[in-house]
Structures are given as structure tokens and as C-alpha cells.
Amino acid sequence: MATIAPSDATEAVVTSPGKRPPRRKYAQRMYPRWFLLPGAVIFFVLFIAPTFASFYYAFTRWTLFDVEFIGFDNFVTFFTDPQLSKGFTNTLIFGTLTSGLKVVLGLLIGVLLTSEIWARGYLRAVVFFPVLVSTVGVGITFQALMDPYDGLINRALAVVGIDGPGWLTNPDLALYSIIIVDVWRGVGLAALIYMAGLVAIPQEYYEAAKVDGAGAWHRFRNITLPLVRPATTTVIILSLIGGLREFQLIWVMTGGGPGFASDVLASVIYKQYAYGFYGLSTAGNVVLFVVVSAVILPLFWWLNRKQTDL
Amino acid sequence: MNRTVSRHVYGATAVLVSAIIFLVPFAFILVQSFKTGPDSASLSFTWPIDFVFWENVVTVFQTRDYMLITAFINSTILTVLSVSIMVVLAAMIGWVLARRPSRWNPIFTFFILAGLIVPPAIVPTAWIMQSLGIFNTLGGLALVEVAYGMSFCVLLFRAFVSNIPRELDEAATIDGAGPIRLFFQVGFPLLKSVIVTAIVVQSVTVFNDFANPLYFLPGEENATVQLTLFNFQSQFQTTWNLLFTDILLITIPPLLMYIFFNRQIVAGMTSGAIKG
């Protein structure tokens, strides 16, 4: 690396330093662009093209055979019909709360499981295990556990004299009950990401801080928290994307009910699809697209900017 | 002395809390699957009166003309097909993107991130699949899963490839390898650990997927394992013992994958995309 040939000076912009000039030709020959083609074709045909098409079909009344352009009518329906607009606010609540809880609990569990704690292997396995069980399986299981009369949760509460609520049957509670289950299911992954980030922090920092007399809280606050930031970014972004788009758990546990109390955009999209209102369903997709982009993109930019500041 | 005591207290508390929060639900599934129908109907967390696990397994398999077996075959085909296509194509993309500097790279990155962030547009996708004649076919659904999982895999591979020294490629070129041999004989084997991660993560995702089969593969003859759960649940009555037995049975494949590849998953995650 130390002996850079003079001819490299112009080439160094596009290649790594210290290599011979014909580098670029070599790259073109040995890493041909057609390698991208097969994957790109599938991706464009089944993902990008439908996304673009949705911007048109969202403005239509659509039966798959017949397309009628109706302007903003679908969107008006979406935001004026209280049943549909409920899905909009619920999506935001679901996304923010699940993501926030996964960050806090994931970090706590991550710190716990990277410390010298008893039965670490067991704890790691048990926290991660729900990630493997299918969402449908988890949903059904918690449906049984959250049953207002026979469910294990309310029976346990009854033992200590608390009259447990109808977790999934009370319209004010249903969405929050599903949020708890989603956090239960996903916190293992968040903890895993945090564990990867925590292990990468050099131990010397902690030792130096200890020598300087910093207590456990100070070490956490001033070393762990800033240095585990990339992991936090990952957890926030991943869980927000997942949370805003969540469909499976909600569909299995309540079907959006009782009434429309726990409907989110994704379940509204499915319902309209199942009823055959394809234009309206696609408008829902566009709304979801806008919501996800409007939340994720600024956040992504902001989190990454803060990161480089450090 | 004081410190070791408090460490044990922390540990014991953690074990206890985790057992209540995480183990009880699984113990519950297990216990219900041992029970007879009437016994499980009360949903109580009690020891089974009659131990009929094996009978439950047989009944679950026999329900609706052995639908679970068909579903297992369908899910296996779907998972193997989509994950193998996804991994090979994404590895090729990640390989070229990491190795070949280009002014197009920001655009590729944009599309990759879009693939992670943008929610798929359901009806237009179904419509395109219909015009291609692949709607309601296993192959079609597999291609959809490939499209949806591609971004994650490309990110994973691209990050990993940039850690492999280029000197290896150059040595292979000097030995006369062309681009295809270079990738499949040199690159692909070097990517092994991250390939395992991608395979495990995506297999579990595809195998456990319920929304996309619901949308793009309707109909009973095409059921995947997740949809068999609805056989035991109706508006009026749920046969809980069979339902929980079914949950147990369809959790076995992802569980086996996890047990076998536990270490590699974490290693692959830390070396790949999860760096942030």
C-alpha cells in the first residue's frame, strides 16, 4: 500500500489505492453487469411495476376487467369513512408503540444477556424462540391466553383478585393487546441485534471508566448508549417498517375487530381486496406507501446524520 | 461477597420472569396438545386427564383428506424453490455491486432500500401475475417471495463481499477463471457463512408466511401449512387440542433449522447487514 505508482493518481478516484491501472477494465470483465439481470427482472416485474401501477389504479374503480377513472374518490372515501380512517391512526399507533417498546426492552434484554449472568444460554434461546413460531401460531395461542373468561392471563389475575379485562373483545384495548403480543414475538430479534452491537464495544472503555470511578449507570449512559447507536438505528428502522405494515398478527387475533377497533391499513387493504373493491384496496396501498415513506425516510436520514456526528 | 449475591439474585429473577413470559405460553401449547377435545375446551393450564398426544397427531394429519401432508409438501416446495432462487440471484447481485465501482451504485442502493421499505401493492401484483399466467401457482408465489426477500439478501451479501479480499479473485483470474467460474467456484464458497444466514432467515420467513399465500395462492388444494390452522377454528367451535397440535407440528421445521444453524445465524448477522 505504501508504494503507490504515480500512474495511480488519476485512477485512484474510482478504484482503491495501490492497484495497477487496468483495474476498471478488469472489473467490467470479471464482474459483468448481466449478473444483476435475472434478479432485477423478477424484482421489477413483481415488485416495482405493481408499485407504479398502483399509482394509477388507486384513482380508478377497478374490477380487473373494467377500469373507470374516478379521480380522488377512493382517497376521499378512505379519509371520510370513519371505519377506514380508523385504520390510518391505528397504523401509526401500532408502528410507533411496537418500535419504541422493542428498542427499550430489546436494549435491556441485550445488556442483560451480554453481561455475566446466570443461565445465559437458556435465556438467549428462550427470548429468541418466539421469532421461530409462525405469526399465525402466536396469534392463535394468545387468542386463547387472552380469552376474557377461560384465558390463562385473566385466570392468573383472578387469583390475585384482579378482574381481568376482555383483552381482545374490548374495543379500547384490542389494539394494545395485539401490540403487546407483537412486542413479545419480536423482542428476541431486537435483543439479538443489540447483542451483536454490544459485543462489538471494546471492553477497555469500560475498564477505563471504572478506573475513573464511573458507576454502572454512568458507564451505561456515556459508553453503552452512544456506542450501541448503529444497533438502535437498525432496530428502530426494522421494527417501524414491520410495525407499519403489520397484517398477519392483527388478522389472526381480531380480524380488525371488534367492529373496526383494531383495523390497520394493511387489514383494510385486505378486506377491500376480499370484497372485490380493487381500486379502493389499491388506494389503501398508496396511502400505506405514503405513510411508510413519510415516517421512515426522514427518520432514516436523521438517524444516519446523527451517527456520523459522533 | 455482596456482589456475587446480587448477581445471583439478578440471574434468578431473570430466569423466573423469562419463564413466566416466554415459557408458559409454550408449555401451554404443549399441554393442550396432549389433551382430549373436551379436556382442552376449558383452556385451563392443567395436567391432561388423558394423554392422547399421538392420537391428536394422527387426527391432525387425517383432517380433510390428509390436507396437512399436502400442505407440508406445498410449503416445502415453496420454501426450497423461492429461497434457492433468491439466494443465488441475490448473491450474484451483491457480488457485482460490491466489486464493481459504478456511478449507478446509488440508484441500485435506492431500489434495494425501496424493496425493504415499500409495502407491496397487492392487487396490481395479482393482476400482473394473472396476465403472466402465474397467479395461483406455487411457482408464481415462489417468484413473489423472491421479489420480496431479494433486498434483504442483497444487503447482506453486499456487506459481506466487501470484506473478502480482492486478491483471491485476482489469483483465480490469473489461473484462468472467467466471471462465471470466478463467482461460482471462488466467490460462492467464500460466502458460505452469510449464505447460511440468508437461507435460515428467509426459509423461516417464507415457511411461516401466511399473508402472501392468502393473497396469491387461494384455494384449498394449494394450502400451505399456515393455512391448515384454520381447519380447526370455525366461527362456532374451535378444537383447541388439535389446533395446538398443529401449531407444534408446523413449528418443527423452523425449530430444526434454528437448532442446526444457531451459531452461524448470529455470526452472519453480525458480519453482514446488521452492522447498521
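Based on protein heavy atoms only, the stretch A:104-212 ends up with 45 Å² per residue of surface accessible to a 1.4 Å probe. Just to be sure I follow: if Rg is taken over the C-alpha atoms of the protein assembly as shown and Rh is the Kirkwood radius over the same atoms, what is Rg/Rh? Dividing the radius of gyration by the Kirkwood radius yields 0.99.
May I ask you to derive the FRET efficiency for A:TYR149 and A:TYR56 from their Cβ-Cβ distance with R0 = 41 Å, giving the value to the nearest 0.05?
With R0 = 41 Å, the Cβ-Cβ based efficiency is 0.25.
Note on the stretch A:59-194: Kirkwood radius taken over Cα pairs, Stokes-Einstein applied at 25 °C and 0.890 mPa s, translational D equal to 136 µm² s⁻¹.
Site pair B:SER42 and B:VAL80 shows an inter-label distance of 4.6 nm when each label is modelled 7 Å from Cα along Cα→Cβ.
Per-residue ellipticity at 222 nm from helix content only, as computed over the protein assembly as shown with -39500 (n - 2.57) for each DSSP H run of at least four residues, stands at -22000 deg cm²/dmol. Across chain B, the mean sequence separation of Cα contacts (distance under 8 Å, 6 or more residues apart), normalised by length, yields a relative contact order of 30 percent. Accessible area of B:MET86 (1.4 Å probe, protein heavy atoms only, ligands and nucleic acids ignored): about 0 Å².
Calculated FRET efficiency, B:LEU168 and A:ASP172, Cβ-Cβ r, R0 41 Å, to nearest 0.05?
On the way: r = 61 Å, r/R0 = 1.48.
Step by step, r from the Cβ atoms, then E = 0.10.
Note on the stretch A:188-254: percent of Cα-Cα distances in each 5 Å bin, starting at 0 and stopping at the bin with the largest distance, equals 4, 15, 19, 17, 13, 10, 7, 6, 4, 3, 1.
Mean projected area of the Cα convex hull of the stretch A:211-293, taken over all directions, amounts to 8.0 nm².
For a Förster distance of 25 Å, can you work out the FRET efficiency between the beta-carbons of A:ILE93 and A:LEU157, rounded to the nearest 0.05? Walk me through the numbers on the way to the answer.
Details: r = 24 Å, r/R0 = 0.98.
After rounding to 0.05, the efficiency reads 0.55.
Spin-label model, B:ASN105/B:GLN185: points 7 Å from Cα along the beta carbon direction are separated by 2.8 nm. When the alpha-carbon atoms of chain A are used, the pair Rg, Dmax equals 25.3, 83 angstrom.
Provide, for the protein assembly as shown, the number of lysine pairs with alpha carbons under 21 Å apart, each pair being eight or more places apart or on different chains. All intermediate terms of the calculation are to be shown ahead of the outcome.
On the way: A:LYS86/A:LYS271; A:LYS102/A:LYS306; A:LYS102/B:LYS275; A:LYS306/B:LYS275; B:LYS192/B:LYS275.
Within the protein assembly as shown, the lysine pair count is 5.
Any idea what the relative contact order of the stretch B:51-163 is, in percent, if you count C-alpha pairs under 8 Å spaced at least 6 apart? Please list the in-between numbers first.
Values: 74 pairs, mean separation 49.5, N = 113.
Relative contact order of the stretch B:51-163: 44 percent.
The values are calculated or read from the model by the stated rules, or taken from the named source; none is laboratory data. Predicted model only: the values in this text are computed from it and were never measured. Cβ: placed from backbone, ideal geometry, glycine included. Neighbour counts: every protein chain shown. For accessibility, only protein heavy atoms count, side chains too; no ligands or nucleic acids. Shrake-Rupley method; radii C 1.70, N 1.55, O 1.52, S 1.80 Å.
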